[in-house]
Amino acid sequence: MPIKPSAKVGEAIRHLLAEKDMINEQMADDLNISKQLVSHYKNDRRTMQQDIAKQSIRVYEDSPEYIGELLYKFSDGYTSPVLKGPAIERHRLALKAHAEG
């Protein structure tokens, strides 16, 4: 499975910031990058480089949803997408229908 050298991770960043109730500045401090770069990532104006992604996985190891989203983006869809929100309910209903069928 090829791993991309960089990927757009805006959705993952937005979810992580909301989950941890953080602001851009805190993430910038945690990863030793500029707050402007965090903003660019968050708004998909720049792609996150693989080395920053690896570092962020180590820093935010207690956020499996964030890690799953990064892996999905960097694997170019070879890993399973992270199910959340309405997707979880649709998945549950599909499994239930399949099991009953």
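Is it fair to say I67 is on the phi < 0 side of the Ramachandran plot, surrounded by 14 or more Cβ atoms within 10 Å (Cβ to Cβ) and modelled with pLDDT of 90 or more? So I67 fits the description; yes. Quick one: in the stretch 7-55, of everything that is among the small types (G, A, S) and open to solvent by less than 50 Å² (accessible area, probe 1.4 Å), which residue is farthest from K73 (Cα to Cα)? So the residue we want is A28.
The values are calculated or read from the model by the stated rules, or taken from the named source; none is laboratory data. The structure displayed is predicted, hence computed values, not measured ones. Don't worry about glycine lacking a Cβ; one is built from the backbone with ideal geometry, like all the others, and counts go over all protein chains shown. Heads up: the accessible areas ignore ligands, DNA and RNA and are worked out on the full protein's heavy atoms, side chains in. Shrake-Rupley method; radii C 1.70, N 1.55, O 1.52, S 1.80 Å.
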